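Values quoted throughout were computed directly from the atomic coordinates according to the rules given, and no laboratory measurement underlies them. A quick note: this is a predicted structure, and the numbers were derived from the prediction, not measured. Positions of Cβ are backbone-derived with ideal geometry, glycine not excepted, and every protein chain shown enters the neighbour counts.
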Amino acid sequence: MSQLFSPYTVKNLTLKNRIVMAPMCQYSVTKEDGIPNDWHFVHYVSRAIGGTGLIIMEMTSVTPEGRITDNDLGLWSDEHIPHYERLVQAIKKHDAKVGIQIAHAGRKAEDAVQPVAPSDIPVEVLQEETKSDALKTPRALTTEEVKETVQQFKEAAERAVKAGFDTIELHGAHGYLIHQFMSPSINNRTDEYGKDLALFGEEIIKAVKTVIPADMPLLMRMSAVEYIDGGYDLDHSIAIAKRFKAAGVDVFHVSSGGEGPPGKRKPLNTPGYQVPFAREFKKQLDVPVIAVGKLSNPELAEATITNGDAELVSIARGMLHDPYWGLHAEKELTRKVSPPLQYERGIR
Ligand SMILES: Cc1cc2nc3c(=O)[nH]c(=O)nc-3n(C[C@H](O)[C@H](O)[C@H](O)COP(=O)(O)O)c2cc1C
């Protein structure tokens, strides 16, 4: 009996298996209006056909300035809603569930004229990089603007619910805005959002909870550790995650790094290298977790579930390599697979 191919329920979300498509920016909004287009349609619906239990659509910005690039998705306007609705409905036809990762890039906004962040601290540039590689120095948000940004997350979440998403993931990882507020190296504010590094994320969670259905699970992606010199460690991320859980996060998607170029501590980048972080979140917080990072070997993904390290595994690059990763993994692990009728002669 494969555990990877057993169903999983959290609140009102029931998944047919434990496979999550990790959020992956496509930088493909050629019209720069934040609206998903044919590329996104083909990309996401293919992975639904390919046997994925839960698709988490890529980092989607709450404001135009919060995009990494102008080619990113957005949810800053009601005009976006019907375009996502079409995509959501098509994904659901293939028995997959779908979430969206809501985010703000903060100081990592590459195309913004003036990126904004908790403080005016730019992302560090490595010695071997030239000045032209450097990201712009951000402007510190005023306290009033921080509160407005919380509202923008709330409004984007409300639009996601209207578009029919089954769940929402807040992007609190990889050095983007929520992570920036959590990071002692990036946030040197003197107001309440600097004195309490969990406050910004916590307020977003509480605000989002007021606009999503009570039985919809809320996901939060976090970087368990930072790799910059002087970066935070697991004790810090878990202390903050406890606050986030109390505020209403139901599932943590446990990643690491992304805040700047790694210093002495480097990400291992070996198969399953972030699983110990997921296991620790699960143990210390007593919450369901999604493990991620080089888990595309089906037996490793299976072992992550059977060993009790995580409830769900998410696959990113493995699904770029193979949109039918789920079907192929099922065939490998169970010898039994039910592809769509049209593909039976190829995959069964
Ligand atoms: C092309 C690409 C785009 C990505 N975009 C995002 C993103 O939008 N949000 C996010 O949280 N992580 C993003 N990531 C990170 C992945 O979600 C994942 O955490 C990482 O690739 C490790 O998983 P893997 O080993 O299965 O690829 C991206 C990764 C890739 C390869």
Practice item. Check the straight Cα-Cα distances from Lys147 and name the aspartates and glutamates below 19 Å, setting aside those fewer than 8 residues away within the same chain. Key: Glu65, Asp120, Glu155, Glu158, Asp191, Glu192, Asp196, Glu202, Glu203
Study note, to complete from the structure: the chain: antiparallel bridges as % of DSSP beta bridges, rounded to 5, reads 10
Point to revise | Pairs beyond 24 Å (Cα-Cα), from Lys97/Lys331; Lys11/Lys154; Lys162/Lys242 | key: Lys162/Lys242
Check your understanding: Among the trypsin sites (Lys or Arg not before Pro) within segment 65-122, which fall in a DSSP loop and have no more than 16 other Cβ atoms within 10 Å of their own Cβ?
Key -> Lys93
Exercise for review: Please build a GNM for the chain, connecting alpha carbons under 10 Å apart, and tell me which residue among Val42, Val208, Val225 fluctuates the most.
Suggested key: Val42
Check your understanding: So how far apart, in nm, are the two label points at Cys25 and Glu124 if each is 7 Å from Cα heading toward Cβ?
Key -> 2.1
Check your understanding: Going by the alpha-carbon gyration tensor, a ≥ b ≥ c the square roots of its eigenvalues, is segment 99-165 rounded (a/c under 1.5) or, if a/c is not under 1.5, prolate (a/b greater than b/c) versus oblate?
Key -> oblate
Exercise for review: With a point put 7 Å past each Cα toward its Cβ, work out how far Ala246 is from Tyr273 in nm, to one decimal.
Suggested key: 3.4
Check your understanding: What is the dipole size for segment 213-254, taken about its Cα centre, with +1 at each Lys and Arg Cβ and -1 at each Asp and Glu Cβ, in debye to the nearest 20?
Key -> 180
Practice item. Taking H placed 1.01 Å from N in the peptide plane, check which residues at least 5 places from Met57 or on another chain put their amide H under 5 Å from its amide H. Key: Gly99, Ile100, Gln101
**Study point:** Extended-chain gain in nm, criterion 0.36 nm per residue less alpha-carbon gap, Lys11 and Glu192
**Key:** 61.9 nm
Point to revise | Sites Arg345 and Arg317, calculated FRET efficiency, Cβ-Cβ separation with R0 22 Å, nearest 0.05 | key: 0.20
**Study point:** Along each principal axis, Cα extent of segment 64-120, largest first, Å
**Key:** 45, 20, 16
Point to revise | Loop trypsin sites (Lys or Arg not before Pro), segment 10-52, which have at most 13 other Cβ atoms in a 10 Å radius of their Cβ (DSSP) | key: Lys31
Point to revise | segment 278-348: C-alpha gyration tensor shape, a/c 1.5 cut-off, then a/b vs b/c | key: prolate
Practice item. Find the all-direction average of the projected area of the Cα convex hull for the chain, expressing the result in square nanometres with one decimal place. Key: 16.7
Check your understanding: Taking a point 7 angstrom from the Cα of Thr143 along the C-beta vector, which residues in segment 171-212 have backbone N less than 13 Å away?
Key -> 189-196
Revision key, fill the gap. The chain: longest segment with zero exposed chymotrypsin sites (Phe, Trp or Tyr not before Pro), where exposed means DSSP loop plus at most 16 other C-beta atoms within 10 Å, is residues 28-272
Review point. Which whole-number percent gives the relative contact order of the chain, counting Cα pairs below 8 Å spaced six or more residues apart?
Key: 17
Exercise for review: Pick out, in residue order, every one of the GluC sites (Glu not before Pro) in segment 1-82 that is DSSP loop and has at most 15 other C-beta atoms within 10 Å; say none if there are none.
Suggested key: Glu32
Check your understanding: Reachable aspartates and glutamates from Lys336, Cα under 20 Å, same-chain residues fewer than 8 places away excluded?
Key -> Asp95, Glu299, Glu302, Asp322, Glu344
Check your understanding: Of Lys195/Lys294; Lys136/Lys282; Lys206/Lys283, which pairs sit farther than 32 Å apart, going by alpha carbon to alpha carbon?
Key -> Lys195/Lys294; Lys136/Lys282
Check your understanding: Rounded, prolate or oblate: which fits segment 157-295 when a ≥ b ≥ c are the square roots of the eigenvalues of the alpha-carbon gyration tensor, with rounded for a/c under 1.5 and prolate only if a/b beats b/c?
Key -> oblate
